[in-house]
Amino acid sequence: MKKKIQKLAFFTVLLCPFFTFGQIEQFSSLSTAKNDTDRATAHQALNDFVVQSLNDALTTDDLEPLISNWPAGNITAGSGIEKVVILSWNSERFDRTQDYGCFVIFGFEKVGDISTFKWTELTHNRKEDPTNVERSYRADDWPGAIYYKLILTHVMKSPVYTLLGWEGADGQVTRKIIETMIITNDRIRLGVPYLKTEEGLKKRHVLEYGDALQATLNYEADQGRIVLDRLAPSDPSLLGATAFYGPTMEYDAFVWEEEKWVFTKDVNVSNKNESNKRNKIYNDPRPNTSKRSN
């Protein structure tokens, strides 16, 4: 056993530079792609790189360079067997629609002196409707997002993970999303009915607003709530046309109460500037000029 551990340590030393260099190279290829064909090729190459990296990582120590150097959506919550890491990214097509990639890393377990893990790839299905708040999704029919916050709560001691995400949609609207996730028998399920609204229990919540605008969706850990902008059209006659929706400077929230996220209207948000600053990085990851991200 002693020799095996030494061998693993030596392998990790060799693996770390490969992870770092590979990530830089793959993201660079994606960001500099000149057309949709090159972008799709680079997107798949990055996906293949992550799969290979996860397969090559024999322990959590081997895995660390991939996580710590990941430049896109990179979120973690929990510890021990409840720990979950989610790595995600997007690539934007010429028509401003999005392709997404995502990997959920979980099942962290220590066996003797070695820590192991499991992982699942979320496969983006462009045919799915990300605004459907009644749907649950499997790992192979995921509607796509870049995730920027992961919140761990519990229902009867079982972990429930809540994800906050950015969804670039198209050239007319942008979305921010709240969705819940559970892991049962190593299977990922997205969209669990833990969001209690005035219309009943929902499986996700979607903010959809004008592409040129920004909207806040932020977790305040000290108050156990997810704060969100209330959106409205720029003119009452545009009701329902979400491309003309934007923040009203009023805030609502989902508050964790009795093992549910309970929708609460008209919440006070103190120190708004700092709250928005913390959320700014994922107001819109695309440059203002070209509106294109990875």
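The values are calculated or read from the model by the stated rules, or taken from the named source; none is laboratory data. What you see is a predicted model; the values in this text were computed from it and never measured. Ideal geometry is used to build each Cβ from the backbone, glycine not excepted, and the neighbour counts take in all protein chains shown.
From (1) surrounded by 12 or more Cβ atoms within 10 Å (Cβ to Cβ); (2) more than 21 Å from the chain's Cα centre (by Cα); (3) under 26 Å from VAL104 (Cβ atoms); (4) at pLDDT 90 or above, pick out the condition that doesn't hold for ASP38.
Looking at each condition in turn, ASP38 falls short on (3).
Among the numbered conditions (1) charged (D, E, K, R); (2) within 23 Å of ASP252 (Cβ to Cβ); (3) assigned to a loop (DSSP other than H, G, I, E, B), tell me where GLU208 comes up short.
Just one mismatch for GLU208, condition (3).
Residue pairs, Cβ under 7 Å, 6 or more apart or interchain, first in region 154-168 and outside any strand (DSSP E or B), second not aliphatic (A, V, I, L, M). List them.
GLY168/ASN90; GLY168/GLU92; GLY168/GLN98; GLY168/THR174; GLY168/ARG286
GLY78 is checked against (1) under 19 Å from PHE108 (Cα atoms); (2) in contact (Cβ under 8 Å) with a residue 24 or more places away in the chain; (3) surrounded by 19 or more Cβ atoms within 10 Å (Cβ to Cβ); (4) not polar (S, T, N, Q) and fails just one. What number does that condition carry?
The number of the failed condition is (3).
In region 148-166, what residues are under 17 Å from LEU217 (Cα atoms) and either touching a Phe, Trp or Tyr at 6+ places or on another chain (Cβ under 8 Å) or not assigned by TED's automatic domain parsing to the domain that holds LYS118 (or both)?
We begin by selecting, within region 148-166, every residue under 17 Å from LEU217 (Cα atoms); these are 148-152, 161-166.
TYR148, LYS149, LEU150, ILE151, LEU152, THR162, LEU163, LEU164, GLY165, TRP166, listed by residue number.
Would you mention how many residues in region 246-265 are at pLDDT 95 or above and not in a strand (DSSP E or B)?
Residues that pass the stated criteria total 2.
Among residues belonging to region 99-154 that are of a type in the set (Gly, Ala, Ser) and touching a strand residue (DSSP E or B) at 6+ places or on another chain (Cβ under 7 Å), point out the one that is surrounded by the most Cβ atoms within 10 Å (Cβ to Cβ). Let's see the steps before the verdict.
The first filter runs over region 99-154 and keeps only residues of a type in the set (Gly, Ala, Ser), leaving 101, 107, 112, 115, 136, 139, 144-145.
Applying the additional criterion that residues be touching a strand residue (DSSP E or B) at 6+ places or on another chain (Cβ under 7 Å) yields 101, 107, 115, 136, 139, 144-145.
Numbers: GLY101: 25, GLY107: 15, SER115: 14, SER136: 16, ALA139: 15, GLY144: 24, ALA145: 27.
Per the criteria, the residue is ALA145.
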